[in-house]
Amino acid sequence: MNTALPDVPEVRVVGLPQLTAGFDLVERLDLDMHLKVHGPLEAMGGEQLAQLSQAVSLRGRGGAGFPFTKKLRAVAESAIRRGVRPVVVVNGSEDEPACRKDTVLLNRAPHLILDGALLVAEALGARTLVVGVTRDSTEASMQAALAERGLTNRRNAPLRARVQRNPVRMVTGESSALIRSADGGPPMPPGRKVRASDSGVGGAPTLLSNAETFAQLAVAARTGPERYCRTGLHDEPGTVLLTLSGAVARPMVLEVPSGVPLRYVLQLAGAPPLPQGVLTGGYHGKWLDGVGAQDAIVSRASLEACGGALGAGAILPIGPDTCPLGEALKVAQWLAAESAGQCGPCYLGLPAAARGLEDVLNGGGPTALEALREVTRAVKRRGACKHPDGSAAFIESTIAAFTDDLAAHVLGAGCGRPVRGVLPLHTEAPANSAPSGKRLAVDWTLCQGHGLCADIVPELIQLGPDGFPAVAEAAVPRYSEANAVRAVRRCPALALRIEEDPAALQQRPALPLALPPGRSGRARARK
């Protein structure tokens with residue numbers, strides 16, 4: 001259940017392909033095949049490129065939807081003002097379990113992405129190009145694509161191009177985390193809000209955009225704005241790449257013209273005829289109820305008007321045979337585990353929100369629901385990056401979209417439906433959120449309710465209405481080990497202790513009782 005999507009799922013197209021042209025011929029378009037399918041591409045000046053992106057209303061396709069023209073002009077103005085060469089960064093860090101559109105492009109059409117990135121680099125006078133990826137397949141494809149073009153990271157190269165590999169984490173796809181890692185730091189948001197157009201990689205003005213955005217720019221540069229705008233809506237021209245998963249017969253990446261009815265897209269993927277709800281925009285997106293999904297079309301404006309979001313292009317329907325709140329809880333728990341552990345709203349708020357949603361499902365009543373709403377309100381607009389905001393918005397959308405199910409859990413014994421795990425999630429937990437094999441236990445014969453433990457490890461221990469810990473024991477993830485030790489040492493009543501977790505011990509592999517014949521302990525140590 002909650003099975004992760006493959007790197008490259010099935011790819012289909014409605015109408016004439018643009019981004020996916022040539023996919024019916026080969027699995028991956030190398031440089032020769034890319035030129036046969038798409039043809040050559042002429043360089044463009046900075047103002048010409050800005051006018052092109054404005055004429056086709058190009059917006060970032062990574063989720064935020066920021067106008068590309070504004071970003072291009074901001075980087076150019078900053079570079080001129082400071083007298084330094086800017087940097088171009090392709091964000092291919094598609095780490096959300098429900099999204100695969102960028103991964104498909106990086107694996108199958110890497111040169112279309114490079115076309116757009118090189119257009120921008122030439123127009124801005126950039127001498128550095130960084131491609132951020134997080135998967136073995138995307139790293140290999142982009143390394144091969146750079147080699148096919150003769151692009152290297154050597155100092156004497158006219159354009160230094162390299163692939164930046166980061167771990168598969170939700171926060172590594174955040175722009176500031178990618179920039180920080182490109183400078184040799186950890187792939188985490190730095191905690192300070194600095195515009196990349198002012199100071200990015202190496203402190204230089206940096207144009208960072210999503211992989212699909214650069215590919216769309218390359219298509220527009222080849223076809224011209226008039227032909228590009230013949231496809232799709234007048235105010236949102238072109239095609240859109242969507243990832244369809246959840247309760248569908250065929251998970252896929254689909255290229256469609258903007259303006260296609262959402263119900264038709266769901267039908268192509270084999271979704272239920274009347275889904276209980278459709279999550280739009282991914283796990284930082286918003287839910288549409290079944291009726292709202294029937295009226296929406298694939299466009300940023302239409303989905304927002306219906307209460308949804310285009311976001312990163314993920315579309316996930318769920319059927320009537322599963323508990324929507326239970327499905328959302330699994331996602332909320334995953335989002336909490338994806339915290340970088342750097343700020344309170346993320347490190348403490350998201351686990352608290354996940355526990356709050358679990359309390360609602362377990363019959364906590366109106367009090368639990370109000371507590372959940374307070375936590376999500378407290379999380380928003382206070383984090384070091386957008387992860388807390390997006391996660392809180394997901395939970396708020398969940399309790400707003402499924403009012404009947406919410407009432408059944410809050411006021412009754414639940415909806416009675418199982419949780420089928422139809423929403424894809426990564427199967428491996430982040431290293432710092434993995435269990436440590438320890439648990440923090442409270443000795444009730446000694447506890448006097450001082451409450452220091454709840455201040456030191458609030459992610460593990462919360463105080464109940466009586467002022468005493470609400471739990472008797474809690475599993476300790478790796479990121480909380482140090483704080484758990486502090487809590488034990490600072491307890492005035494000596495009522496805390498750290499023990500081995502029996503559940504974790506059962507999962508450990510058995511150690512051999514003796515060395516294999518012919519091996520000594522000293523020989524093994526030398527190995």
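Considering only segment 223-238, state which residues are open to solvent by 30 Å² or more (accessible area, probe 1.4 Å) and part of a helix (DSSP H, G or I).
T223, P225, E226, R227
Just to be sure before I move on: is V248 under 18 Å from the mean Cα position of the chain (by Cα), within 15 Å of P97 (Cβ to Cβ) and at pLDDT 95 or above in the structure I sent?
Answer is no for this residue.
Results for (1) part of a helix (DSSP H, G or I); (2) surrounded by 14 or more Cβ atoms within 10 Å (Cβ to Cβ), shown as yes or no for each residue.
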position: T20; (1), (2): no, yes
position: L29; (1), (2): no, yes
position: P40; (1), (2): no, no
position: A43; (1), (2): no, no
position: L49; (1), (2): yes, yes
position: R73; (1), (2): yes, yes
position: A79; (1), (2): yes, yes
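Any residue in segment 199-216 that is part of a helix (DSSP H, G or I) and surrounded by fewer than 17 Cβ atoms within 10 Å (Cβ to Cβ)?
Checking segment 199-216: at least one residue is part of a helix (DSSP H, G or I) and surrounded by fewer than 17 Cβ atoms within 10 Å (Cβ to Cβ).
So V171 passes all but one of these: (1) modelled with pLDDT under 90; (2) aliphatic (A, V, I, L, M); (3) open to solvent by 20 Å² or more (accessible area, probe 1.4 Å). Which condition number does it fail?
That leaves (3) as the condition not met.
Filter segment 448-470 for residues that are open to solvent by less than 50 Å² (accessible area, probe 1.4 Å), of a type in the set (A, V, I, L, M) and in a loop (DSSP other than H, G, I, E, B) and give the result.
V457, L460, I461
In segment 422-447, what residues are within 30 Å of A98 (Cα to Cα), open to solvent by 70 Å² or more (accessible area, probe 1.4 Å) and either at pLDDT 75 or above or in contact with a strand residue (DSSP E or B) (Cβ under 7 Å, 6 or more places away or on another chain) (or both)?
P435
Do the conditions hold for L279, that is, is it outside any loop (DSSP other than H, G, I, E, B) and not aromatic (F, W, Y)?
It is true that L279 is outside any loop (DSSP other than H, G, I, E, B) and not aromatic (F, W, Y).
Please identify the pairs in which a residue from segment 203-223 that is at pLDDT below 95 has its Cβ atom under 6 Å from the Cβ atom of a residue that is open to solvent by less than 10 Å² (accessible area, probe 1.4 Å) and β-branched (V, I, T), counting only partners at least 6 apart or on another chain.
Correct list of pairs: empty, since none qualify.
Can you find a residue in segment 131-138 that is open to solvent by 10 Å² or more (accessible area, probe 1.4 Å) and among the hydrophobic types (A, V, I, L, M, F, W, C)?
no
Quick one: which residue in V253, V260 is over 19 Å from A301 (Cα atoms), open to solvent by less than 30 Å² (accessible area, probe 1.4 Å) and at pLDDT 95 or above?
V253
Yes or no: P351 touching a residue at least 60 places away in the same chain (Cβ under 8 Å), over 17 Å from E327 (Cβ atoms) and not basic (K, R)?
In short, yes.
Within the group G383, G390, G416, which residue is part of a loop (DSSP other than H, G, I, E, B), crowded, with 18+ Cβ neighbours inside 10 Å and not aliphatic (A, V, I, L, M)?
Of G383, G390, G416, the one residue that is part of a loop (DSSP other than H, G, I, E, B), crowded, with 18+ Cβ neighbours inside 10 Å and not aliphatic (A, V, I, L, M) is G383.
Being in contact (Cβ under 8 Å) with a residue 24 or more places away in the chain and more than 25 Å from G341 (Cβ to Cβ) is the requirement here; does A400 meet it?
yes
Can you name every residue in segment 263-289 that is touching an Asp or Glu at 6+ places or on another chain (Cβ under 9 Å), under 19 Å from V14 (Cβ atoms) and open to solvent by less than 20 Å² (accessible area, probe 1.4 Å)?
V278
Would you please list the contacts, defined by Cβ atoms under 6 Å and residues six or more apart or on different chains, that run from a residue in segment 470-493 that is touching a residue at least 40 places away in the same chain (Cβ under 8 Å) and of a type outside the set (F, W, Y) to a residue that is assigned to a helix (DSSP H, G or I) and open to solvent by 40 Å² or more (accessible area, probe 1.4 Å)?
Partner pairs satisfying both residue conditions: R478/N432.
Among the residues of segment 59-70, which ones are buried (at least 24 other Cβ atoms within 10 Å of the Cβ) and among the charged types (D, E, K, R)?
Listed by number, the list holds a single entry, R61.
Looking only at residues that are open to solvent by 10 Å² or more (accessible area, probe 1.4 Å), in contact with a Phe, Trp or Tyr (Cβ under 9 Å, 6 or more places away or on another chain) and not in a loop (DSSP other than H, G, I, E, B) in segment 81-117, which one is nearest to I318 (Cα to Cα)?
Only one residue fits best here, namely R108.
The values are calculated or read from the model by the stated rules, or taken from the named source; none is laboratory data. Since we're looking at a predicted model, the values are computed, not measured. In this analysis, Cβ positions are derived from the backbone assuming ideal geometry, glycine residues included, and neighbour counts consider all displayed protein chains. Please note that ligands, DNA and RNA were not included when accessible areas were found on the heavy atoms of the full protein model with its side chains. Shrake-Rupley method; radii C 1.70, N 1.55, O 1.52, S 1.80 Å.
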